Structure formats: structure tokens, C-alpha cells
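S.K.: Pasting in a structure now, in C-alpha cells, and then I'll have a few things to ask.
Every number in this text was worked out from the coordinates using simple rules, so none of it is lab data. Note that the structure is a prediction, hence the values are computed from the model and not measured. Virtual Cβ from ideal backbone geometry, glycine too; neighbours counted across all protein chains shown.
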Amino acid sequence: MSTAEVMPDPPDRDESAVARFVERFAAALVEAGVPRMPARAFCALLATDSGTLTAAELADRLLVSPAAVSGAMRYLTQLNLVVREREPGSRRDRFRVLHDAWYEASMHREQLLVRWADALREGVRVLGADTPAGARMTETLEFVDFVREQLPLLLASWRDHRAAEQG
């Protein structure tokens with residue numbers, strides 16, 4: 001679906017129930033370390049049938065300022081959870097949650113894990129592998145390296161699972 005064909009949510013949907021869901025799910029994401037405003041904006045996008053809203057629509061749904069939405073969307077765009085799209089013939093941007101947002105975000109974690117591993121290697125060198133702090137750094141490095149090895153396998157397994165589900 002293009003941004004020009006934005007599908008409205010059903011008129012009989014209980015918007016207060018949707019708003020409560022958005023806040024509950026956002027709270028769960030906040031507990032996992034996602035900043036509050038980006039969590040709320042992401043959940044609001046997930047809870048729309050179209051998966052797309054303008055900054056003004058997000059501000060209205062979340063009862064926040066456009067500036068709060070702007071910062072949240074910048075954060076979510078950097079995480080590859082949403083994309084910014086220009087409405088044809090307009091200066092308004094729409095934000096769209098990616099269909100496979102979690103998969104895409106996970107794919108981009110490889111770069112982050114590489115940076116962590118590099119920093120941890122430096123930590124082991126600086127602290128000395130034979131010190132208690134160096135031993136903690138080594139264990140953390142081993143974990144990060146393990147996750148780096150396993151993440152592509154896990155993502156491939158997910159891709160295979162989705163393909164089998166979709167027939």
C-alpha cells in the first residue's frame with residue numbers, strides 16, 4: 001500500500017481500548033529500556049491498520065507536542081523500526097512502521113555488536129585479562145561474540161518460519 005492509499009482504522013474500533021493498549025505495551029517497552037516517548041509512538045503506529053501516521057496525527061493520538069513526536073520518530077528511525085515517507089504532492093511526512101520492523105532492527109544490531117566487541121577487546125587489553133575486571137570483560141566479550149554468531153542463525157530461522165507460515 002502506498003502512502004497515498006492510507007487505510008483508516010475501522011469506525012467501530014474502541015479507541016479508548018486502543019489507547020489503553022498502546023500505553024500498556026509502551027510501558028512494557030520502557031521496562032526493557034526504550035525511552036517512553038519513542039515507545040508510545042511506536043506502539044501507536046503498530047496499533048493502526050495502515051501502520052502509518054503523520055506527526056500531527058501521532059501528537060493528537062498521544063496528547064503530546066509535535067516536538068515530542070519529532071524526537072521520538074528520529075529515535076525510531078535510527079533503530080530502523082520506522083521510516084519517514086513524504087506524502088506525494090505535500091510537504092507532510094508520514095511515518096510508517098516497517099512490516100518486519102523487529103527483524104530489520106535485529107539485522108542492524110550486528111554493527112552495534114561489532115562495536116561492543118571492539119570496545120570489550122580494548123577493555124581486556126587495558127585491564128589485563130588476568131585481573132578480576134579483565135575477567136569480567138572477557139566473559140562479556142565471549143557473550144557478545146556468541147550473540148554475534150547466533151543472531152544470523154536465529155534471523156534465518158525466523159525468515160524460514162515466516163516463509164513456511166505464509167505458504
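S.K.: Please determine, in degrees from 0 to 90 and to the nearest 10, the orientation of helix 66-78 with respect to the longest principal axis defined by the Cα atoms of the chain, where the helix direction is its Cα long axis.
M.R.: That works out to roughly 50 degrees.
S.K.: What does the extension gain come out to for Glu104 and Glu142, with contour length at 0.36 nm per residue minus their alpha carbon separation?
M.R.: 11.2 nm
S.K.: Ranking request for peptides 136-142, 38-44: highest mean number of other beta-carbon atoms within 10 Å first, then the rest in descending order.
M.R.: In decreasing order of mean packing, 136-142, 38-44 become 38-44, 136-142.
S.K.: Note down the net charge around Glu85, summing +1 for each Lys or Arg and -1 for each Asp or Glu among other residues with Cβ under 11 Å from its Cβ.
M.R.: Local net charge: +3.
S.K.: Here's another thing I want to ask about it. Let me know the shape class of segment 3-98, please: from the alpha-carbon gyration tensor, a ≥ b ≥ c as square roots of the eigenvalues, rounded when a/c is under 1.5, otherwise prolate if a/b is greater than b/c, or oblate.
M.R.: Numbers: a/c = 1.74, a/b = 1.15, b/c = 1.52.
Oblate.
S.K.: Evaluate the charge dipole of segment 3-98 about its Cα centre and quote only its size in Debye, nearest 20, assuming +1 on the Cβ of each Lys and Arg and -1 on the Cβ of each Asp and Glu.
M.R.: Around 420 debye, computed over segment 3-98.
S.K.: Quick check on the chain: helices-only [θ] at 222 nm, where DSSP H runs of length 4 and up contribute -39,500 (n - 2.57) each and the sum goes over total residues. Nearest 500, please. Write out the running numbers ahead of the final one.
M.R.: Values: 7 runs with 109 residues, N = 167.
Using -39500 (n - 2.57) per qualifying helix, the result is -21500 deg cm²/dmol.
S.K.: Also, I was wondering about something else. Can you tell me the dipole magnitude for the chain around its Cα centre, using point charges on the Cβ only (Lys, Arg +1; Asp, Glu -1), in Debye to the nearest 20?
M.R.: On the way: 21 positive and 25 negative charges, 105 e Å.
Charge dipole, the chain, about its Cα centre: 500 debye, nearest 20.
S.K.: While we're here: Taking the highest mean first, how do the peptides 76-82, 98-104, 87-93 order by number of other beta carbon atoms within 10 angstrom per residue?
M.R.: Output ranking for 76-82, 98-104, 87-93: 76-82, 98-104, 87-93.
S.K.: A further question on this structure: Of Thr77, Gly167, Ser65, whose Cα points farthest to the positive end of the dipole of the chain (charges on the beta-carbon: +1 Lys, Arg; -1 Asp, Glu; origin at the Cα centre)?
M.R.: Looking along the dipole axis, the top candidate is Ser65.
S.K.: 7 Å from Cα along Cα→Cβ at both Arg84 and Ala133: what's the point-to-point distance in nm?
M.R.: Output for this residue pair reads 4.1 nm.
S.K.: May I pose another question? Which percent of Cα pairs goes in each bin when the distances of the chain are cut into 10 angstrom slices starting at zero?
M.R.: 9, 28, 29, 20, 10, 3, 0
S.K.: Compute the distance in nm between two label points, each set 7 Å from the Cα along the Cα-to-Cβ direction, one at Glu23 and one at His161.
M.R.: If labels sit at Glu23 and His161, their model points lie 3.2 nm apart.
S.K.: Going by alpha carbons, how many degrees (0 to 90, nearest 10) lie between the helix axis of 36-46 and the longest principal axis of the chain?
M.R.: 60
S.K.: Pull up all non-local amide H partners of Arg94: gap of 5 or more, or a different chain, and H-to-H distance under 5 Å with H placed in the peptide plane.
M.R.: Glu85, Arg86, Glu87
S.K.: Can I ask one more? If you plug each phi of segment 125-130 into the Karplus form 6.51 cos²θ - 1.76 cosθ + 1.60 with θ = phi - 60°, what whole-Hz ³J(HN,Hα) values come out, in order, with x for Gly and Pro?
M.R.: 5, 5, 7, x, 4, 8
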